[in-house]
Every structure is written in C-alpha cells, then in structure tokens.
Ligand SMILES: [Zn+2]
C-alpha cells in the first residue's frame, strides 16, 4: 500500500526557474544546469521503480513511501522506503546507463557510455549503507527498534553492471519484486500497531524541500537574478502590467494571472515572505496599490499592518 505517493520533484521546477533568472555567465550557471540534468534522470528512474511497486501484491501488509527527507545526524533523503512486518527496506534508485563498474578504495562507480565517455559517481552501495545508518539513528531517536534492509536499484534497462560489489545488494528494476517477496520466508518481527506508528512518525517527520529558498542554498545574492513576471507562453521575463492584465511585449499574449507564478517563484528563490516593496521590485511594478491588490488576492497570510505588512504562503514549500 502506498503511504506517500510518487511526487515529481518540485525542486527541479524551482531549479529551472532559478536557472532562467541567472545570467549565463554566472559562476554557478553550469553547476545548476548539470544538477537539473541529474535530477531529471533521477526522477525518471524513480518513476520506473514506482510503477513496479504499484503493481506489487505482497502477501503481507506494507507501506511504501516515495522521497522522504528526514533528519538524524544530518539530513538524508530516501528514494523509497518500505515498512513491512519484517523490517524497513530502503531502495536507492539509480538511473545511470552504460557499462558500470563498482570500485573500492576509494569506493566509486565508474560509468562507461557507448560513446566512450567515462564518468565517476559516488558509490551507491556506500550511499545506501550510510542511509541505513542514518535511518537506524532516526529510528533510535523515536524509540523504534526494527531491522533495516536495503538495495540499490538500477532502473534503466540500459544499465550493464560489469563488476558488482559485496557491500550491498544490487538489483535491476525487475528484481525488486522477487527481492521483496523473499522476506516472507522470515519470521515477522513487527506488529501491525508498530507499523502504523512508524508510518505516522515518518509522515510527520518528513521535511520536504529543505533547499528552499534556493538563493540561500546556493549563496546567490538576490540582486544577481533577473526580475519581472515571466510569460507562460513564450518564457519572456518582464511582462508589462496593463490595466486589467499582464502583457508580453515579446509574443503579445495577455495573461490576467501571470503574477501568480511569479510570486511562487519569489518564494522558491528568495524567502518565505514578501512585503509590498519587495513585490513591486520583483514584479517590476511602480504602483504600491497595484502591489497591495495583487498580494491581497493571492491566497497569502497577512501579518502586521500598514507599512509593516508582510505576506506569507499558506503552506510554505508543500505541494
Ligand atoms: Zn510571451
């Protein structure tokens, strides 16, 4: 049973907004561009594994969580976590194609693409073992005592593992279900009550999107970013406010609600609150009454009065 459904990474959408507003010559432009590529690949791999898990019918009660961000010694994010009567099972998903070789001392994963390109990655077995440790600490903090299992899953059928490792279980996506089925040979050690308790704790302690606001995460100064309302049709940034609408000088589109996306972008990139002045600066407005009208009609929570008024999102960073 799915306890936390598959969610596309909202973080990626925010990263794309950040990249769009960053000048191409900025010192972080290429780094963020590469991170977006890696996140897209990762999301795709997780979607494939999620479909496998959705189809799964196991002869015992279990819960599946997609993307949990938890805190123990430090923050850690699990692609998938299953809670079963036999213990917790972490699935660390990788979408890396080509010929793959696990190496040790230092542990790393070497990828050789068909084109001959060679790339190295942090070792996923090592990563999984670190997550198992962090999860054991997290459970200990919440008085939960359960065995923790895990496997690294290569999601793409174009991944060829040439040399594996004995540091973790390595699976192809079609081995996920047989791997989980084999648990039923063991004696269940966790009661239904404990499973329910773990589910509640995990959902309560999940803290998504810790990288927001992104300018803070990447130490980018707010003034380094391009300001203005983005046209949803052509992507032009800097729509003009007209009497009842927003007008795009590039493609001539009129959009009544174009400011809504701009405000969401503001919260993702800058901070979780906005004042009238900040709104005018970001949307490139020169009329404080117009800014007030926009902020009052954007489903935000108002704090304070007059010049000290700030507006906050109702549910910050939760989709
Ligand atoms: Zn346009």
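When both bridge partners sit in the chain, DSSP labels roughly 65% of those beta bridges antiparallel. Cut-off 13 Å, label point 7 angstrom out along Cα-to-Cβ of residue 61: give me the residues of region 1-32 whose amide nitrogen falls inside. Backbone N within reach: 1.
Here the alpha carbons of region 227-313 define both size measures, Rg and Dmax, at 12.5, 39 Å. For the pair residue 245 and residue 54, a Förster radius of 45 Å applied to the C-beta separation gives a FRET efficiency near 0.60, rounded to the nearest 0.05. If R0 equals 30 Å, the separation of the Cβ atoms of residue 287 and residue 26 corresponds to a calculated FRET efficiency of about 0.45. Across the chain, the mean sequence separation of Cα contacts (distance under 8 Å, 6 or more residues apart), normalised by length, yields a relative contact order of 15 percent. For the chain, the normalised intensity computed at q = 0.09, 0.12, 0.14 Å⁻¹ comes to -0.60, -0.94, -1.11 (log10 of I(q)/I(0), Debye sum over alpha carbons, equal scatterers, no solvent). Rounded to the nearest Å, what's the spacing between the alpha carbon centres of region 134-157 and region 239-293? Just the number, please. Using only Cα atoms, the two centres lie 44 Å from each other.
Subtracting the Cα-Cα distance of residue 301 and residue 145 from their residue separation scaled by 0.36 nm leaves 52.1 nm. Quick check: residue separation of residue 252 and residue 196 times 0.36 nm, minus the Cα distance between them. What number comes out in nm? That pair, residue 252 and residue 196, stretches by 14.7 nm at full extension. Each label was represented as a point 7 Å from its Cα along the Cα-to-Cβ direction; for residue 72 and residue 38 these points are 2.2 nm apart. In plain terms, the bigger the Kirkwood radius, the slower the diffusion; for region 138-277, with that radius from Cα pairs, at 37 °C and 0.692 mPa s, Stokes-Einstein puts D at 157 µm²/s.
Read-outs: derived from the displayed coordinates by stated rules, not from any lab. None of the values given here were measured: they were computed from a predicted structure. No Cβ is skipped: glycine too gets one built from the backbone with ideal geometry, and neighbour counts run over all protein chains shown.
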